[in-house]
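Below is one structure, written out as structure tokens, with a few remarks after it.
The values are calculated or read from the model by the stated rules, or taken from the named source; none is laboratory data. This is a predicted model, so every value here is computed, not measured. Neighbour counts are summed over all protein chains in view; Cβ atoms, including those assigned to glycine, are modelled from backbone coordinates with ideal geometry. Ligands, DNA and RNA are stripped out before the accessible areas are found, and what is left, the full protein with its side chains, is counted by its heavy atoms. Shrake-Rupley method; radii C 1.70, N 1.55, O 1.52, S 1.80 Å.
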Amino acid sequence: MPRIPFADVRFPPENLPTEFELNTRLKRFLWRYRENMENPPDELSLSEEDRAKIERRAQKYLRAVANQSGLAHLDRKDRARLEVFRNGAEIQPVETEHRADEIASAIHTAMPWMAPATDRLWRDMRASVRNGDPAPRLRPMLLVGPPGIGKSHWARLLGDLLCVPTTIIEATGEPASFAVTGSQRGWGSASPGKVLDGIMASQIGNPVIVIDEIEKAGDVQSSGGQRFSLTEGLLPLLERTTARHWSCPYFRIGFDMSWITWILTANSLHGLPVPFLSRCPPTELTALTQEHLIGFAEQEGARRDLPQDAVDAVKEVIEAIRTPHHVSLRSVIRMLDAVEQAMNRPLLH
């Protein structure tokens, strides 16, 4: 996989000596220097003044290296966490337009009712290949449609087909933007945020990040009266030019977040601000039909290698419900889960 520079820092040399090692070297050098002088002093041992001067020079050298790297403000633990980016981060490519066609076809076959989203994805992947990008540059997508039609399932399937990690963040259960962007030191739960945490864990720089029900995300207010909202925190990450040098509030250094694929889901546009919508135009999706639900049950049952009669029983339940929107994709998945659990239940003697 190709690699990109990810953290906007200059890492110190891997063989950088410790302060103790520097002190030892300088002491040895000074002793040898005096020993080789034309008129060496009678006493070659180092004085307290010599030792203090050596310690100051060793500390000054290490501070200069740290300042040059851009990591001087971080403690040793956080510097060690960032070492995974010494050689950059990997990005998973889509090498050819044919591969882009295969991915789009697989998603459309599995979830044909998501055609508007799949079509836009397909066009972005093909354009990225034609532009010679090392990995697909996919525009942020806001999927708007009724609950239970599989918006998150579609995003997971995309991540699987792109062979990249997928992180799902529930906007309703997260404290404003902190779960996504991280929070500054001083907050009780200060951390880099789930997005950067996931990239550090996988070392993949173009994951799929899903934020569910973003229209329901609330704000949080600091003790100083400052308000933080999820949509405002996302703005610099959704714009490619600013995402390329995005500054993490926790580490306070820049990262290249421009390769992330953002999938945002909503049941409506109510409450979403105009600046957010301008960066993430909505893709409108419709409710599922009975045919869609039956087709999904058939495909998912085959993927799980379930007996056909068991899958047929699930399809009969779907057909028995006259109003399709009373059955969601979640309902079908739960029914198939129940079948799978019943099949794997141990025999009682």
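What is the one condition in (1) part of a helix (DSSP H, G or I); (2) touching a residue at least 40 places away in the same chain (Cβ under 8 Å) that E319 does not satisfy?
With respect to (1) part of a helix (DSSP H, G or I); (2) touching a residue at least 40 places away in the same chain (Cβ under 8 Å), E319 is out only on (2).
Please state which of the following conditions E95 fails to meet, knowing it meets all the rest: (1) open to solvent by 90 Å² or more (accessible area, probe 1.4 Å); (2) over 22 Å from the mean Cα position of the chain (by Cα).
Failing condition for E95: (2).
Please go through region 14-24 and give me each residue that is modelled with pLDDT under 85 and exposed (fewer than 14 other Cβ atoms within 10 Å of the Cβ), ordered by number. Break it down stepwise before answering.
Step one: list which residues in region 14-24 are modelled with pLDDT under 85, which gives 14-16.
Across region 14-24, the qualifying residues are E14, N15.
From the list A302, A287, exactly one residue is open to solvent by 30 Å² or more (accessible area, probe 1.4 Å), among the hydrophobic types (A, V, I, L, M, F, W, C), assigned to a loop (DSSP other than H, G, I, E, B) and at pLDDT below 90. Which is it? Explain how you work it out, then say what you get.
Working: A302 fails: assigned to a loop (DSSP other than H, G, I, E, B).
Residue meeting the stated conditions: A287.
Within region 54-86, can you find the residues that are open to solvent by 40 Å² or more (accessible area, probe 1.4 Å), among the small types (G, A, S) and part of a helix (DSSP H, G or I)?
Within region 54-86, A64, A80 meet the criteria.
So, of the residues in region 209-232 that are among the small types (G, A, S), more than 22 Å from H153 (Cα to Cα) and open to solvent by 20 Å² or more (accessible area, probe 1.4 Å), which turns out to be modelled with the lowest pLDDT? Let's see the steps before the verdict.
Residues of region 209-232 among the small types (G, A, S): 217-218, 222-225, 229.
When the remaining residues are screened for being more than 22 Å from H153 (Cα to Cα), the result is 218, 222-225, 229.
Right, trim to open to solvent by 20 Å² or more (accessible area, probe 1.4 Å) and you get 218, 222-225.
Numbers: G218: 64, S222: 51, S223: 48, G224: 52, G225: 51.
Across region 209-232, the extreme among qualifying residues is S223.
Quick one: which helices (runs of 4 or more DSSP H) sit completely within region 226-282 and have at least 2 residues that are within 15 Å of the chain's Cα centre (by Cα) and touching a residue at least 40 places away in the same chain (Cβ under 8 Å)? I'd like the intermediate steps shown before the answer.
Values: elements: 230-238, 240-243, 274-279.
Qualifying helices (runs of 4 or more DSSP H): 230-238.
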